[in-house]
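Report on one structure; see the data block that follows.
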Amino acid sequence: MRILVIGAGVGGISIARGLLRDGHDVTVFERRPDVQAGGGAVTIWSNGATVLRQLGVDMDGAGQALSTVRVMTSAGHGLATLDLSAIANRMGEQVRQVPRRILLERLLEGFPAECILCNAHAVGVVRECDGARIEFADGSHADGDLVIGADGLHSMVRGVVGADRAVPTGWCSWQGLTALPDGIDRHVAFVVIGEHGNLGLWPAGSEVQWWFDLPWSPDFVRPERPIDMLRSNFTGWTEPTDRVLAMLTDDDLAHSPYPHFRHPIPPSGHGALTLVGDAAHTMPPTLAQGTNQALLDTMVLCKALSDVRREAHGDLTGALRRYEKTRRRRAAAVSRVASLQVSHGEAVLRPAAMLSDRFMTWALSTFLRSVSHRRMADDINRDLAASTTCRQR
């Protein structure tokens, strides 16, 4: 099929890579002058790592493999120590913290450059009886059998599909990457929760992804010295936090804050249009699942389109609706959990420490397995292994 993808971020390149692997004719349209990744680092959980392996993306040496997440209160009381190595053993893949730029670089390795067209500002999509047409700001257009919106939080394609806009959650993140301070274990991530905010320090190789979450509203007025605001809110929470705060300057906060949004999961679409990634289900970063959910979109959508090719009279629109239905409930479950308020007072948080670390680790891995289409992933892994064996013979 002739497939057009709008957006060359992680979601857009992932789905394009999967479709090219499966033999489709794919073009990615990007409005910026080049393909680049914004933001800091992303957590690749085992469910996302499985899809990257299916796509032939080598993540060895990328970022930092993590073994542990320590969760504590701002007063220094431990709440849980999550064993990421146990989760990796159960789900078959390591958990990594990877700078977004490196993840995109790995996705682009071996990707045909001629399949990406930059400076292509899509302003509209028109459904046609045998596909869909993208209209661009310069008056040109492109026709395809299928158009995939991977154009992020403020997706133009989402509006064409008729889905509701994202709504703010009332929180924001001040975040970025900086050099990993000496003496910090690069295999251990920290999450610290307070009554009026929370923070995270997640090593990503020689760097550390830091974030400080605080309340936010549309009438938010940015302070002249945001670093002073962060220090007044978070100094003294943990010794590593103080060391990172001492290293940061206002220049490190130039692009922050990033308000948290949540998309209502869209109903079934119409015609040869569909959505992937943040265009379909922007969610708060609480579970660090945004990138992983975009990768799962890639796996399920590629599988749906592969099934169409195997059928004598394949129904493309039916396959798209099956993809959307398959993803809807699981993406909605992740979004609901990610949208739960994290910040609470010490009295509310302390009872959580009564649960064993082993139980908390089991609960997280069970949740991840339940929303990750494990049976489909196992079937795809077997098919890819058999295909590789046949080619080698």
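The values are calculated or read from the model by the stated rules, or taken from the named source; none is laboratory data. Computed from a predicted structure; not experimentally measured. Virtual Cβ from ideal backbone geometry, glycine too; neighbours counted across all protein chains shown.
All but one of (1) among the polar types (S, T, N, Q); (2) at pLDDT 95 or above; (3) buried (at least 17 other Cβ atoms within 10 Å of the Cβ) hold for GLN94; state the number of the condition that does not hold.
That leaves (2) as the condition not met.
Tally time: how many residues in region 210-243 are under 18 Å from ARG70 (Cα atoms) and either touching a helix residue (DSSP H, G or I) at 6+ places or on another chain (Cβ under 8 Å) or at pLDDT 95 or above (or both)?
7
Within the set of pairs 6 or more residues apart or between chains, which connect a residue that is more than 16 Å from ASP307 (Cβ to Cβ) inside region 374-385 to a residue that is of a type in the set (Val, Ile, Thr) and surrounded by 15 or more Cβ atoms within 10 Å (Cβ to Cβ) with Cβ atoms less than 8 Å apart?
Short answer, once both residue conditions are applied: ASN381/THR50.
Taking only pairs six or more apart or across chains, which ones have beta-carbon atoms under 7 Å, a first residue in region 147-163 that is farther than 15 Å from ILE3 by Cα, and a second residue that is among the charged types (D, E, K, R)?
Going by the 7 Å Cβ cut-off, the qualifying pairs are GLY152/ASP278; LEU153/ASP278.
For GLY7, which of the numbered conditions (1) in contact with a Ser or Thr (Cβ under 6 Å, 6 or more places away or on another chain); (2) surrounded by 24 or more Cβ atoms within 10 Å (Cβ to Cβ) fails to hold?
Failed condition: (1).
All but one of (1) surrounded by 14 or more Cβ atoms within 10 Å (Cβ to Cβ); (2) without any contact (Cβ under 8 Å) to a residue 60 or more places away in the chain; (3) outside any strand (DSSP E or B); (4) charged (D, E, K, R) hold for GLU114; state the number of the condition that does not hold.
Among (1) surrounded by 14 or more Cβ atoms within 10 Å (Cβ to Cβ); (2) without any contact (Cβ under 8 Å) to a residue 60 or more places away in the chain; (3) outside any strand (DSSP E or B); (4) charged (D, E, K, R), GLU114 violates only (1).
Taking interchain pairs and intrachain pairs at least six residues apart, which have beta carbon atoms under 6 angstrom, with the first residue in region 185-207 and free of Cβ contacts under 8 Å to residues at least 40 places away in the same chain and closer than 14 Å to LEU287 by Cα and the second hydrophobic (A, V, I, L, M, F, W, C) and in a strand (DSSP E or B)?
Listed pairs, sorted by first residue: GLY200/VAL191; GLY200/TRP211.
Looking at the structure I just gave you, is ARG328 under 23 Å from LEU82 (Cβ atoms), touching a residue at least 12 places away in the same chain (Cβ under 8 Å), out of contact with any Ser or Thr (no Cβ under 7 Å at 6 or more places or on another chain) and not small (Gly, Ala, Ser)?
When the stated conditions are applied, ARG328 does not pass them.
Condition first: touching a helix residue (DSSP H, G or I) at 6+ places or on another chain (Cβ under 7 Å) and in a loop (DSSP other than H, G, I, E, B). Now tell me which residues in region 146-174 satisfy that.
Across region 146-174, the qualifying residues are ALA150, ASP151, GLY152, LEU153, SER155.
Please pick out the residue among VAL191, VAL244 that is among the aliphatic types (A, V, I, L, M) and either under 25 Å from ALA352 (Cα atoms) or touching a Gly at 6+ places or on another chain (Cβ under 6 Å) (or both).
Checking each option against the conditions leaves just VAL191.
Conditions: (1) out of contact with any Ser or Thr (no Cβ under 9 Å at 6 or more places or on another chain); (2) within 23 Å of ASP164 (Cβ to Cβ); (3) of a type in the set (Ser, Thr, Tyr). SER306 meets all but one. Number of the miss?
Every condition holds for SER306 apart from (2).
When you scan region 213-233, do you find a residue that is buried (at least 22 other Cβ atoms within 10 Å of the Cβ), at negative phi and within 21 Å of the chain's Cα centre (by Cα), even just one?
yes
Considering (1) more than 18 Å from HIS154 (Cβ to Cβ); (2) touching a Lys or Arg at 6+ places or on another chain (Cβ under 8 Å), say which one ALA254 fails and leave the rest.
It is condition (2) that ALA254 fails.
Under 7 Å between Cβ atoms, at least 6 apart or on separate chains: pull out the pairs that start in region 279-302 with a residue that is free of Cβ contacts under 8 Å to residues at least 60 places away in the same chain and end on any residue that is in a helix (DSSP H, G or I) and of a type in the set (S, T, N, Q).
Qualifying pairs under 7 Å: HIS281/GLN293; HIS281/SER335; MET283/SER335.
For region 125-166, which positions are surrounded by 14 or more Cβ atoms within 10 Å (Cβ to Cβ) and either among the β-branched types (Val, Ile, Thr) or on the phi > 0 side of the Ramachandran plot (or both)?
If the condition is that a residue be surrounded by 14 or more Cβ atoms within 10 Å (Cβ to Cβ) and either among the β-branched types (Val, Ile, Thr) or on the phi > 0 side of the Ramachandran plot (or both), then VAL125, VAL126, GLY131, ILE134, VAL147, ILE148, GLY152, VAL157, VAL160, VAL161 are the ones that fit.
For region 18-29, name all the residues that are assigned to a helix (DSSP H, G or I), surrounded by fewer than 24 Cβ atoms within 10 Å (Cβ to Cβ) and either under 16 Å from the mean Cα position of the chain (by Cα) or not aliphatic (A, V, I, L, M) (or both).
ARG21
In region 324-380, what count of residues is obtained for those that are among the polar types (S, T, N, Q) and at pLDDT below 90?
Count: 2.
For region 189-206, what are the residues that are over 20 Å from PHE234 (Cα atoms) and surrounded by fewer than 24 Cβ atoms within 10 Å (Cβ to Cβ)?
GLY205, SER206
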